[in-house]
1. Going through region 107-133 one residue at a time, which ones are touching a Leu at 6+ places or on another chain (Cβ under 7 Å) and among the polar types (S, T, N, Q)?
2. Run down 101, 155 and say which single residue is hydrophobic (A, V, I, L, M, F, W, C), closer than 25 Å to residue 63 by Cβ and either modelled with pLDDT of 80 or more or not in a helix (DSSP H, G or I) (or both).
3. So residue 55 ticks every box in (1) surrounded by 12 or more Cβ atoms within 10 Å (Cβ to Cβ); (2) at pLDDT below 75; (3) over 23 Å from residue 20 (Cα atoms) but one. Which box is left unticked?
4. Which one of these does residue 143 not meet: (1) modelled with pLDDT of 75 or more; (2) in contact with an Asp or Glu (Cβ under 8 Å, 6 or more places away or on another chain)?
5. Please state which one of 163, 182 is at pLDDT below 85 and either farther than 30 Å from residue 80 by Cβ or loosely packed, with under 13 Cβ neighbours inside 10 Å (or both).
6. I'd like to check something: does region 111-122 contain any residue that is at pLDDT 80 or above, more than 24 Å from residue 19 (Cβ to Cβ) and either assigned to a loop (DSSP other than H, G, I, E, B) or among the acidic types (Asp, Glu) (or both)?
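The values are calculated or read from the model by the stated rules, or taken from the named source; none is laboratory data. Please read all numbers here as calculations on a predicted model, not as lab measurements. Methodologically, a virtual Cβ is constructed for each residue, glycine included, from the backbone with ideal geometry; neighbour enumeration extends over all protein chains shown.
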Amino acid sequence: MSCPRYWLLSWLDDRGIKTVEEARKAISGAGALDDLAEGAASPSPESALPESDAVVLAGSGIDFSQRLDCPSYECRKLQVDTLFGHVWHYFDRVIVHDRLAPILAARDQFENREIEDAALDQIQILLYLKGIEADSLLEFREKPTACTAHWRKHAREAGLRDIRTLVRELNDRVRANSQITIQQEAGGLLRIELHHADFSVGNAIYLKQADAAKLT
């Protein structure tokens with residue numbers, strides 16, 4: 001049994017988008033982010049999973065959430081190959097995370113450039129999935145986020161030692177061996193990217209110049 005059609009795949013099909021460059025042009029157009037937000041907020045075809053379906057829930061390392069995994073396209077493509085290499089012949093559906101919908105639902109908390117980048121990241125891997133005809137086996141759902149209000153309590157329950165000490169040690173280790181690049185972007189934004197030998201790709205954030213000045 002095929003999975004419900006992912007809203008972003010429908011958005012691509014409705015516009016005849018077949019390449020990342022075509023997607024980039026479409027997303028940069030007037031009203032494009034409004035269209036994406038409307039598609040993400042539209043009623044979902046999700047339903048209870050039929051008992052006859054063999055379903056697997058992908059873990060955070062390979063569920064496209066970018067919570068515990070590298071966000072680069074090459075690494076995400078490897079995720080797909082790894083995921084399907086294990087489950088292709090055994091399951092009818094693979095549940096993965098819809099990372100884009102929550103971002104669009106909280107648009108006021110992000111710069112447009114950040115939303116466009118997140119959309120293009122998702123679209124690039126979707127086009128790869130379509131190319132290998134694996135898109136019909138994936139069901140994109142929003143996974144519950146981890147509790148941040150009681151993280152110390154949960155850490156103790158998991159048997160971790162003082163988490164604050166671990167965080168300080170990690171911060172010191174990363175800062176001691178990192179390089180930070182700052183690039184001026186359109187719209188008065190600064191792209192601040194951290195590079196570290198242990199990271200596959202740089203980790204970037206966007207800040208308004210006025211907000212960045214407050215951190216110095």
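1. Those that are touching a Leu at 6+ places or on another chain (Cβ under 7 Å) and among the polar types (S, T, N, Q): 112, 122.
2. Numbers: 155 fails: either modelled with pLDDT of 80 or more or not in a helix (DSSP H, G or I) (or both).
Checking each option against the conditions leaves just 101.
3. Against the list (1) surrounded by 12 or more Cβ atoms within 10 Å (Cβ to Cβ); (2) at pLDDT below 75; (3) over 23 Å from residue 20 (Cα atoms), residue 55 comes up short only on (2).
4. Here residue 143 clears every test but (1).
5. Values: 182 fails: at pLDDT below 85.
Criteria check complete, one pass: 163.
6. Let us first name the residues in region 111-122 that are at pLDDT 80 or above, namely 111-122.
Cutting the leftovers down to more than 24 Å from residue 19 (Cβ to Cβ) gives us 111.
Those left that are additionally either assigned to a loop (DSSP other than H, G, I, E, B) or among the acidic types (Asp, Glu) (or both): 111.
Yes, region 111-122 has at least one match.
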